[in-house]
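The values are calculated or read from the model by the stated rules, or taken from the named source; none is laboratory data. As the structure is a prediction and not an experimental result, all values here were calculated from the model. When we count neighbours, we look across all protein chains shown, and the Cβ atoms used for this are built from the backbone with ideal geometry, even at glycine.
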Amino acid sequence: MTETDLRERIARELAGARQRTGLLTGCVDEADLVAQHSPLMSPLVWDLAHVANQEELWLLREVGGREPMHPEIDPLYDAFEHPRSERPTLPLLPPDEARSYGHEVRGRVLDLLERSRFDGSRLLEGGFAFGMIAQHEVQHDETMLITHQIRTGAPVLAAAPPPPAAADASRLPREVIVPGGPFTMGTSTQPWALDNERPAHTVQVDPFFIDTTPVTCGAYAEFIADGGYDEPRWWTADGWEHRQRAGLSAPLYWSRDGGQWLRTAFGRTEAITPAEPVMHVCWYEADAYARWAGRRLPTEAEWEKAARFDPVTGLTRSYPWGEQEPDGSRANLGQAFLRPAPAGSYPAGAAPCGARQLIGDVWEWTSSDLLPYPGFTAWPYREYSEVFFGPEYKVLRGGSFAVSPVACRSTFRNWDYPIRRQIFAGFRTARSAEVEVESS
Ligand SMILES: [Fe+2]
């Protein structure tokens, strides 16, 4: 990519992120912007100024060498100084000031972009710092969409068109096989990949079967109807304790109307769509479902091998379908439909193993803890990933309908506590394949 092309791409990604931020914060009134809809979430007005503050910090100050514009507000928007539950009590910038701060920063960033060369420092190489900031803002666009899902009251987001369904979906096999052997996991070459996705390394994976599509609402309703939430044997000890303490009995936002399950999304209540991937289940629920089905969650390495490994060439692809960037023909991304597409959609986005919808639709819980890859180095700051490594967090893969393509790679790693349900997360299940032993 030439410097001009890279500059244009960066400007396009930054503009796209800001357009979405504007939509998510422009469709509610001032009172709604400063309100906290859940202790799990920031007020939307915090996200609004925080994305601008990070943009100022990394691009204007670190890359551009500028002095801080408003040093007194830095601590307010440092995610590590104040947990989300505390943020509404801070003297945050009011909505108008937050918007004009963001506007001012962006104007200066576009000037800086015009003058920047993409070499000479690691932050500038391949436009990394600009790419990191574009990804940061779209990640907050997903966070803000979660806040929209949590908020109560009349709908404010326009109803979206239905996502596409594939004609052959009902004829798909339930599962597909992924051959055993080594494959290359992670990346050392994607310029905007974040530190936890690096470096590329070889991983040995035994052969396994994985669901062709994410688990659907219809299949999950069968688990509920079969008493899945009442049987401790399907749950880990921690999971059962949490299920009892939290009173879990169905996915978050599901409710019962006679014999029918309903779900509420962005202020609208409707019957569940049986073919749609289930979401708003925590890791413990996903794990219990998998045991009930006689299966298990895939490991993170299995998930990535299913998504990227091409058994014909032995090479690891960038995306399930190859090297082309995601677009609307291959994956449900970018908040276009505000819901996952029916299971089996996007045949053009299938992986070589035949699995579909690995990218987009719903984040997928894996069985793995968030751990560093061999050779990991924190970059550009420890708080991006390193402070989260350990057994408390489970890895999610693949991105959801709420993720923008710029922050969705087959190497991208997300993580959360195993009790979290507000995120747009579902799962698919796996099982080990019998290894054929040659007789001698
Ligand atoms: Fe952030």
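A single member of A160, A167, A193 is modelled with pLDDT of 95 or more and not β-branched (V, I, T), and it is A193.
Which of the residues that make up the range 135-160 are touching a helix residue (DSSP H, G or I) at 6+ places or on another chain (Cβ under 9 Å), assigned to a helix (DSSP H, G or I), hydrophobic (A, V, I, L, M, F, W, C) and more than 13 Å from the ligand (Cβ to nearest atom)? Hit for the range 135-160 is L145, nothing else. Of the strands (runs of 3 or more DSSP E) lying entirely inside the range 348-440, those carrying at least 2 residues that are aliphatic (A, V, I, L, M) are 390-397. Does R382 fit the bill of being surrounded by fewer than 19 Cβ atoms within 10 Å (Cβ to Cβ) and without any contact (Cβ under 8 Å) to a residue 40 or more places away in the chain? Against the criterion (surrounded by fewer than 19 Cβ atoms within 10 Å (Cβ to Cβ) and without any contact (Cβ under 8 Å) to a residue 40 or more places away in the chain), R382 qualifies. Please go through the range 21-49 and pick out each residue that is charged (D, E, K, R), surrounded by 15 or more Cβ atoms within 10 Å (Cβ to Cβ) and more than 15 Å from the ligand (Cβ to nearest atom). Listed by number, the list holds a single entry, D32. If you check D78, D111 for being at pLDDT 95 or above, surrounded by fewer than 16 Cβ atoms within 10 Å (Cβ to Cβ) and over 26 Å from F266 (Cβ atoms), only one passes: D111.
Can you confirm whether the range 52-60 contains a residue that is more than 25 Å from the chain's Cα centre (by Cα) and either away from the ligand (no atom under 16 Å from the Cβ) or surrounded by fewer than 20 Cβ atoms within 10 Å (Cβ to Cβ) (or both)?
Yes - at least one qualifying residue is present in the range 52-60.
Could you tell me whether P68 is more than 14 Å from the ligand (Cβ to nearest atom) and either in contact with a strand residue (DSSP E or B) (Cβ under 8 Å, 6 or more places away or on another chain) or outside any helix (DSSP H, G or I) (or both)? Here the answer is yes, as P68 does meet what is asked.
Yes/no matrix, rows are residues, columns are (1) touching a Leu at 6+ places or on another chain (Cβ under 7 Å); (2) more than 27 Å from C282 (Cβ to Cβ):
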| position | (1), (2) |
| --- | --- |
| S318 | no, yes |
| G322 | no, yes |
| A331 | no, no |
| Q335 | yes, no |
| G349 | no, no |
| L370 | no, no |
| V395 | yes, no |
